[in-house]
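*Asks:* Right, I'll just put the structure down here and ask away after.
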Amino acid sequence: MSAAGLMQRIARPQAFVLALALASAAIAPVAWAQQVPDAPPDGLTEEIKAYCANIADAARDQRYLRQTKELQDLQSQVDERIRVLEQRRDEYREWMTKREEFLKVAETTLLDIYKKMRPDAAARQLELVNPEVAAAIVMKLNSRLASQILNEMAADKAAGLASIIADAASKDLPREPS
């Protein structure tokens, strides 16, 4: 058998299947349209209208109840989030109080340490500390001890601390009107 003959035999069943599919597709919408009418019978239209009118209030009530339930759920979620935020705020305040107490104790202890140190030893250590911290410490010491410490420091470090202290003092003092 030749290749052309073989192709003819194969092509015929495919063409038959294709024709059958097209025919069934053309018939199916017609059959469906016959099963489902476009408009209800005359008496049924009035019944449909009456049914819809009768259930309109009940449907509205159900929709209202569903919306009310959704709002209550949302409100409970918001209340829960507020409760969690208030709890976290209270924890934050507690930590801040502890931190402030620690800083007060640390500041008092640090000042006591520097008050008891020899001025030359305190000066060497304050030269190594952050200048703002050193200035804050010197400002809290009595003036006699502070002057002894500054006297023992290198001139440039002592001048830097004095500048920071002067700036802090000028910010605390009320300004004279110009």
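*Asks:* What does the net charge come to around Leu161 if you take all other residues with beta carbon closer than 14 Å to its beta carbon, with K and R at +1 and D and E at -1?
*Replies:* -2
*Asks:* Let me ask something else. Counting Lys +1, Arg +1, Asp -1, Glu -1, what net charge surrounds Gln125 among other residues with beta carbon under 11 Å of its beta carbon?
*Replies:* -1
*Asks:* Per-residue HN-Hα couplings for the range 148-162, Karplus 6.51 cos²θ - 1.76 cosθ + 1.60 at θ = phi - 60°, whole Hz, x for Gly and Pro?
*Replies:* These are the phi-based 3J(HN,Hα) values: 5, 5, 4, 5, 7, 7, 4, 4, 5, 5, 5, 5, x, 5, 4 Hz.
*Asks:* Note the full-extension length gain between Gln125 and Asn142 as 0.36 nm times their separation in residues minus their Cα-Cα distance, in nm to one decimal.
*Replies:* Contour length minus the Cα-Cα distance gives 4.3 nm.
Quick note: the coordinates plus some simple rules give every number you see, no bench work behind them. On a predicted model such as this, the values are computed, not experimentally measured, just so you know. Methodologically, a virtual Cβ is constructed for each residue, glycine included, from the backbone with ideal geometry; neighbour enumeration extends over all protein chains shown.
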